[in-house]
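Q: The structure's right below; bear with me while I get my questions together.
Bear in mind these aren't lab numbers, they're just calculated from the coordinates by the rules spelled out. All values derive from a computational prediction rather than experimental measurement. For neighbour counting, all protein chains shown are included, and Cβ atoms are generated from backbone atoms with ideal geometry for every residue, glycine included.
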Amino acid sequence: MVVAFAAACMFASCAGGTTLEVSDPGQASVPLAARGSGAEELSGIAWVESGRFLFVGDGGQQSVWDAWIDIDPSSGRIRAQSITARIPVPGLGADVEGIAIDRTAGTVLVADEASAAVRRFDLATFAACGSLRVPPTFASPNMRPNFGFEALGCLRGEAWTANEEALVSDGPVSSTQAGAWVRLQRFDAQGFPAGQWAYRCDPISGMTDLVDAERSGVVDLVPWDRHTVLVLEREFGGTVIPDFRSRLYAVDISAATDVSDVRMLAAGGFVPAAKTLLWQRGFPFSNFEGMALGPPLAGSRRSLILVSDDGGGVGGQNQRLLALAVRAVRAAPCDLDGSGTVDGIDLGILLSGWGPALDPHPADVNQDCAVDGLDLGALLASWGPNV
């Protein structure tokens, strides 16, 4: 039985006047069968195009799984799903937890928790293309074992990741008294570090004598714009019978301190990223570790698909998908630079982004994954000062 902790729709105001809204289409999670493909312990998901998705698992299989997920464009519910192929990828990593598509470079990024690495592979051939320049603060032994890079996202060439729980130098892991400090890390299009921000995870809601594996940390993220990131937190805990709790936050870094040069977050002296709860739910046996934006939906929404890691079936865990939807609402959607006026600068931004926009783009006014004539018409109709 799934226990809901939030209303069907929640909102959060973010930088630049954008409000994010997450809605639940009311569909229970659906099973994702391996069907002989060997797909198990899936912890990362990325949308390629149409109904095609890629998965990675943390079981050391050195493989990426191709999948097809049929999503109803009206309701946002999953109509059908299937693993279609297993793709062996030598050098993928021993404990791959995250995957993202860099559409600018035509590559796939994967996060290996075991080696604190983010590796790049060609999207068409899966040939190795190098690695991102991960800052040394994330290296062992400062990165705690099994608390490293699970989260991975990419927005128009800029990759993002985060450690799941605190680095040794940043303080203790999450407890019932306080959540851990972690670092949100952004990279530029060349793979070099381009900003780092402190983020406070939620505390563990309760401890029980039945298990000794309670935790609370960041397991995935989706960058929405240069200041706003959707963050998925996962908690395992509870005072009586432990369960998994998934929480989705809108995170705003616009007023936060860049902590790239801060050696110890536990010492303070910085402004952390702001977080606003969008959605949360508890699951007895589903450990949702990965999420990805998917195809556009009716009502200027984007599908948001979560995948659970079955943990090899330990403790009754299972492999499932969960469909949500997310939408960005702006008071003046055609004022792309936030100047208070729709003018030539906004027109230039729109024209520079013309074409497919599978990643969120400010000029995709109607959020249909394309910057096109519909968006141009809306911008011209809004020309002049914001009313």
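Q: Testing the spin-label approximation: label points 7 Å from Cα along Cα→Cβ at ALA34 and ALA139. State their distance in nm.
A: Between ALA34 and ALA139, the label points sit 3.6 nm apart.
Q: Now for a different question. Rounded, prolate or oblate: which fits region 238-387, taking a ≥ b ≥ c as square roots of the Cα gyration tensor eigenvalues, rounded meaning a/c under 1.5, else prolate when a/b beats b/c?
A: In terms of gyration-tensor shape, oblate.
Q: Evaluate E = 1/(1 + (r/R0)^6) for VAL271 and LEU351, where r is the Cβ-Cβ distance and R0 equals 35 Å; express this FRET efficiency to the nearest 0.05.
A: 0.45
Q: Just want the ordering: GLU41, GLU49, GLU235, from fewest to most Cβ atoms lying within 10 Å of their own Cβ. Mind dumping the intermediate values first?
A: Numbers: GLU41 23, GLU49 13, GLU235 26.
The order, fewest Cβ neighbours first, is GLU49, GLU41, GLU235.
Q: Another one. Seen from all sides and averaged, what is the projected area of the convex hull of the Cα atoms in region 341-385, in nm²? The partial results should precede the final answer.
A: Working: hull surface 10.8 nm².
Spelled out: convex hull of the Cα atoms, projected over all directions, averaged, 2.7 nm².
Q: Mind listing the long-range amide H neighbours of ARG144? Cut-off is under 5 Å, sequence gap 5 or more, other chains count too, H placed in the peptide plane at 1.01 Å from N.
A: Correct list: VAL168.
Q: What ranking of VAL134, VAL182 emerges when the number of other C-beta atoms within 10 Å of each C-beta is taken as an exposure proxy, fewest first?
A: Ranked by crowding around the Cβ, least crowded first: VAL134, VAL182.
Q: Would you please name the chymotrypsin sites (Phe, Trp or Tyr not before Pro) within region 279-387 that are DSSP coil residues with at most 13 other C-beta atoms within 10 Å of their C-beta?
A: TRP383
Q: Let me ask something additional. How do VAL229, VAL56 line up, fewest other C-beta atoms within 10 Å first? Spell out each step's value before the answer.
A: On the way: VAL229 27, VAL56 31.
Fewest-to-most Cβ neighbours within 10 Å comes out as VAL229, VAL56.
Q: How far apart, in nm, are two points set 7 Å out from the Cα along the Cα-to-Cβ line at ALA127 and at ALA331?
A: According to this spin-label approximation, the distance is 5.1 nm.
Q: Mean-square fluctuation check for the chain, GNM, Cα pairs under 10 Å: which of ARG35, ARG144, ARG327 is largest?
A: ARG35
Q: Related question: Give the value in nm², to one decimal: projected area of the alpha carbon convex hull of region 214-300, averaged over all directions.
A: 8.0
Q: If amide H atoms are built 1.01 Å from N in the plane of the peptide, which residues on other chains or at least 5 residues away come under 5 Å of the amide H of THR19?
A: CYS14, VAL329, ARG330
Q: About the Cα centre of region 3-330, how large is the charge dipole given +1 on each Lys and Arg Cβ and -1 on each Asp and Glu Cβ? Please answer in debye to the nearest 20.
A: 840
Q: Further, regarding this structure: How charged is the neighbourhood of ALA124? Take every other residue with its Cβ under 15 Å from the Cβ of ALA124, and add Lys/Arg as +1 and Asp/Glu as -1.
A: For residues surrounding ALA124, the net value is -1.
Q: Still on this structure, I have one more. Computed on alpha carbon atoms, what radius of gyration and Dmax characterise region 23-108, expressed in Å?
A: 13.6, 40
Q: Considering the convex hull of the alpha carbon atoms of region 93-140, report its projected area averaged over all viewing directions, in nm², one decimal.
A: That works out to 3.4 nm².
Q: Report relative contact order for the chain in percent, whole number only (criteria: Cα-Cα under 8 Å, sequence separation at least 6).
A: About 16 percent, as a whole number.
Q: Quick check: residue separation of ARG79 and ASN386 times 0.36 nm, minus the Cα distance between them. What number comes out in nm?
A: Between ARG79 and ASN386, full extension yields an extra 106.4 nm.
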